[in-house]
C-alpha cells in the first residue's frame, strides 16, 4: 500500500516525464566547459588578488549566465521546466551562501594568500560539479527504483532544517575534520606553499603542498552541503537535466560570491534561520505529495520571500546594533573571515 501511494506521489513531482534532447545536453556541457576554460586560461591565468569591484561584476556575470540559461530551458522545454530550473537554481544558490562562509574559515585557518584562493576554488568547483552529477544521477535512479525513499528525503530535510536553524556562527573547526587528518597522515607534504601548485617534486619525491589539503577540505565541505541541497532540488524536479543544470550554474558563481561576501559573514545574522525555513518548506512539500502537490510557482514565491525577509532582517538588525554618534571610543577590532592579508602564509 505504501509503495502504491509513493508511486502516485512521485509521479506528481514535475519533471518526472521530462526528457532533454541530446543536443540540449550538448549545449549545456559546451557552455559549462567553455566558461571553465575561459575562466582558467584567459581571465585568471596568473595568480592575483580579486578586488571587491571585480567580484561584484563577476557575480553579476555568473548570475546573468544562470538566468540566461533559464530562457534557453524555457524555449526548449517549456515554461514549466523553466520554473523548475529557476526554483532549483534559487535553492542551490541560497543554500550555498553558507558554504561560502565556510570557505572563508578554511582559507583563514590555512593562511592561504589571497592571490592563490581563486585557483583553489576553481578546481574545487570543478570537482563539485563532477561529484554533484554523480549524486544527482544516483538520487534520481534511487527515487525511480525505491519510490518510498522520497519520504526519507523529506524527513531528512526537516531534520537538516532544524540543525541549520540552530547552527551558530564560528562552529567550524577545520583542524577537527577527519578528511584533513587523513590527508595529513597519508600524503607527504611540504610545510610551506609553493605558489599555486598543489604538488611539487623535491629531492626526487613528489610532495603535496598545504594548498592541496585546502582543496581536499573545500571538496569535503561541498559534499556535506550537497547532501542537504540535492534532495531539496529533487523535491522540485525529477528531471536529471533540470537538477544538474540548475546546480551547475548556481555553484559556478560561488567563487565570485566568495570574494564578494567572504568577509561579511557577521552581517547575515539570520541566514541560517532563513535557510532552515527553506529546507523545512521543501521537506514538508515532499512529505505531503500524496495529499497535496505544492505548485512550482508557489515554491518560487516562498523561496524568494524567505530570502528577502532574511536579508532585510539581517541588515536592519546590523543597523540597530551600530553605536550612536560620539560613542565610538575604542571600537573593537574585527578581522573578517576573508582577510586578504598574506601574513602567516605557510
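The values are calculated or read from the model by the stated rules, or taken from the named source; none is laboratory data. Here the structure is a predicted model, which is why all the values come from computation and not from measurement. Every residue, glycine among them, receives a Cβ derived from its backbone with ideal geometry; neighbour counts consider all protein chains shown.
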Of all residues making up the range 231-243, the number that are part of a helix (DSSP H, G or I) and crowded, with 24+ Cβ neighbours inside 10 Å: 6
Residue 160, sole failed condition from (1) surrounded by 13 or more Cβ atoms within 10 Å (Cβ to Cβ); (2) at pLDDT 80 or above; (3) part of a helix (DSSP H, G or I): (2)
Residue 213 vs. criteria buried (at least 16 other Cβ atoms within 10 Å of the Cβ) and either at pLDDT 80 or above or out of contact with any helix residue (DSSP H, G or I) (no Cβ under 7 Å at 6 or more places or on another chain) (or both): yes
Lone unmet requirement of (1) over 24 Å from residue 279 (Cα atoms); (2) modelled with pLDDT of 90 or more for residue 85: (1)
Which numbered condition residue 274 misses (of (1) under 14 Å from the mean Cα position of the chain (by Cα); (2) surrounded by 21 or more Cβ atoms within 10 Å (Cβ to Cβ); (3) at pLDDT 75 or above): (1)
Some residue of the range 185-200 being over 12 Å from the mean Cα position of the chain (by Cα), in a helix (DSSP H, G or I) and under 30 Å from residue 272 (Cβ atoms): no
The listed residue being more than 14 Å from residue 270 (Cα to Cα) and either part of a helix (DSSP H, G or I) or at pLDDT 75 or above (or both), out of 302, 309: 302
Filter result (in contact (Cβ under 8 Å) with a residue 60 or more places away in the chain, over 26 Å from residue 120 (Cβ atoms) and surrounded by fewer than 19 Cβ atoms within 10 Å (Cβ to Cβ)) within the range 61-102: 80
